[in-house]
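Accompanying notes for the structure given below.
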């Protein structure tokens, strides 16, 4: 009996193995069937990059400024007696703006006129006496000393007449300065002094009364980096792009609420040195402003030629993917397999992105379904016409 128990124990593991073997066999057969010979290609929207000859444009942020801005100041002292303009409205050259009390200046003019008349009469008398003395001297009736004295009196009287004429001219000019008129066409600001207040005249320290800014045309100031300045200089040396110091390169400006560059003008100034603190050079554009929309002080975005005419490759921004700081596109090779192509991009042109490196324009680029795309994915390209973003 002990031997029988031992035999049965030996047999049970073998039987269990025989029972389990059929269970493993179907699993291996199922795995073999799950590996198809070929993976079906999935459809994928695709485009071909555009190859164009164009001029690239650079963009900078800047601010509008008036071509002319005038601080209107008093040139004579006195009490302000009238304000003859509407604040914030356009004015023309010569329009009357302020009046200073004219009564003291009219009195000064009258006194100067009287002095002039007196000096003119004195000169006439001195001239008559001198002529008489010359006649008497010929007859030796008077001495040479008397003749010299009368001739000298004539010279002094003439000098006093000239001085009186200058005094009268100054009195007239001061009277004219009591009427303060617009020196330029433009838009006037608010009045800074009310009627009845004393204003102080002077060429430098005169009381500031208001300001006028010229609206048409208007200037646009912006800063260009040292790297861009050097690039423009190299382009000028190579003949690909003429420097703005030599020619009035075209520019366009858009305001903060505009999507397109709607305002057009020309470059009219580039500063003569770079700012050592900021490493930038100042540029300036000149734009017509007939409707007065482009107000001094407004911010804007300026676009100007950044290259000569050259060939570029363009793709829609939507097809460009990011991997941390690098950019790439999915390219479909001739076998229909997706590959990752690293690219270097430039600015926007014709509503598309310039590709500086990585594409030559002959490729097929995946244009959608990026979540399904991996390197090695087999696809059937479905080309889109027209290319998105193209004009």
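Nothing in this text is a laboratory measurement; each read-out follows from the coordinates by a stated rule. Since the structure is predicted, the reported quantities are computational estimates derived from the model, not experimental observations. So basically every Cβ, Gly included, is an ideal-geometry build from the backbone, and we count neighbours across all protein chains shown.
For the pair residue 349 and residue 65, what calculated FRET efficiency results from E = 1/(1 + (r/R0)^6), where r is the Cβ-Cβ distance and R0 = 35 Å, to the nearest 0.05?
My answer for the efficiency is 0.75.
Normalised by the residues of the chain, what does the relative contact order come to in percent, with Cα pairs under 8 Å and at least six apart? Before the final figure, lay out the partial values.
On the way: 722 pairs, mean separation 101.3, N = 391.
This gives 26 percent for the chain.
Given a Förster radius of 22 Å and the C-beta distance between residue 339 and residue 51 as r, what FRET efficiency does 1/(1 + (r/R0)^6) yield to the nearest 0.05? Don't skip to the answer; put the middle values down first.
Numbers: r = 20 Å, r/R0 = 0.92.
Efficiency, rounded to the nearest 0.05: 0.60.
If I model a spin label at residue 110 and residue 356 as a point 7 Å from the Cα along the Cα→Cβ vector, what separation in nanometres do I get?
8.0 nm
Taking just the C-alpha trace of the chain, give me its Rg and Dmax in Å.
When restricted to the Cα atoms of the chain, Rg and Dmax are 45.7, 193 Å.
Most mobile of 176, 87, 118 per a Gaussian network model of the chain (Cα springs, under 10 Å)?
Looking only at 176, 87, 118, the biggest GNM fluctuation is shown by 118.
With contacts defined as alpha carbon pairs under 8 Å and 6 or more residues apart, what's the relative contact order of region 89-211 in percent? Please report the intermediate quantities before stating the final value.
On the way: 122 pairs, mean separation 54.6, N = 123.
Relative contact order here is 44 percent.
By how many nm would the segment from residue 245 to residue 323 lengthen if fully extended, with 0.36 nm per residue of separation less the alpha-carbon distance?
Values: separation 78, 0.36 × 78 = 28.08 nm, distance 4.14 nm.
The residue 245-residue 323 span can extend by a further 23.9 nm.
Given the Cα atoms of region 250-357, and with Rh set as the inverse mean 1/r over their pairs in the Kirkwood sense, what is Rg to Rh to two decimals?
Numbers: Rg = 19.4 Å, Rh = 17.5 Å.
Answer for region 250-357: 1.11.
Just 242, 253, 337 to compare: in a GNM of the chain, with alpha carbon springs under 10 Å, which one fluctuates most?
It is 337.
Spin-label point model (7 Å from Cα, Cβ direction): what's the residue 173 to residue 82 distance in nm?
My value for the distance between the label points is 2.4 nm.
Relative contact order of region 194-289: what whole-number percent is it, with Cα pairs under 8 angstrom and at least 6 residues apart? Intermediate values should be presented prior to the final figure.
Details: 125 pairs, mean separation 30.5, N = 96.
Computed over region 194-289, the figure is 32 percent.
Can you tell me the orientation of helix 144-177 relative to the chain, as the angle in degrees between its alpha-carbon axis and the longest Cα principal axis, to the nearest 10?
Between helix and principal axis, roughly 40 degrees.
Whole Å is fine, so just give me how far the alpha carbon centre of region 119-145 lies from that of region 95-118.
That distance is 36 Å.
Exposure proxy check: 332, 320 ranked by fewest other beta carbons within 10 Å?
Working: 332 21, 320 15.
By the 10 Å Cβ count, ascending: 320, 332.
Which value in nm describes the separation of the simple spin-label points at residue 295 and residue 262, placed 7 Å from the Cα toward the beta carbon?
Roughly 1.6 nm, to one decimal.
For region 103-177, what number results from the quotient of the Cα radius of gyration and 2.2 N^0.38 Å? Intermediate results must be reported in sequence, preceding the final value.
Numbers: Rg = 16.8 Å, N = 75, 2.2 N^0.38 = 11.3 Å.
Dividing the Cα radius of gyration by 2.2 N^0.38 Å gives 1.48.
Would you order 329, 42 from fewest to most other beta-carbon atoms within 10 Å of each residue's own beta-carbon?
Values: 329 24, 42 14.
Neighbour counts put them in this order, fewest first: 42, 329.
To test your reading of the geometry: what angle, between 0 and 90 degrees and rounded to tens, separates the Cα axis of helix 226-238 from the longest principal axis of the chain?
Result, in degrees: 90.
Over the Cα atoms of region 53-200, what radius of gyration and what Dmax do you get, in Å?
Rg then Dmax for region 53-200, in Å: 27.9, 103.
For region 139-269, take N as its residue count and report Rg(C-alpha) divided by 2.2 N^0.38 Å.
Numbers: Rg = 30.9 Å, N = 131, 2.2 N^0.38 = 14.0 Å.
Ratio of Rg to 2.2 N^0.38 Å for region 139-269: 2.20.
So how much slack lies between residue 99 and residue 382, counting 0.36 nm per residue of separation and subtracting their Cα-Cα distance, in nm? Before the final figure, lay out each step's value.
On the way: separation 283, 0.36 × 283 = 101.88 nm, distance 7.89 nm.
Between residue 99 and residue 382, full extension yields an extra 94.0 nm.
If you rank 281, 379 by fewest surrounding Cβ atoms within 10 Å, what's the result? Present the calculation step by step, with values, prior to reporting the outcome.
Numbers: 281 18, 379 21.
Final ranking by Cβ density, sparse to dense: 281, 379.
May I ask for the angle, rounded to the nearest 10°, between helix 2-33 and the longest principal axis of the chain, with both axes built from Cα atoms and the value confined to 0 to 90°?
Tilt of helix 2-33: around 50 degrees.
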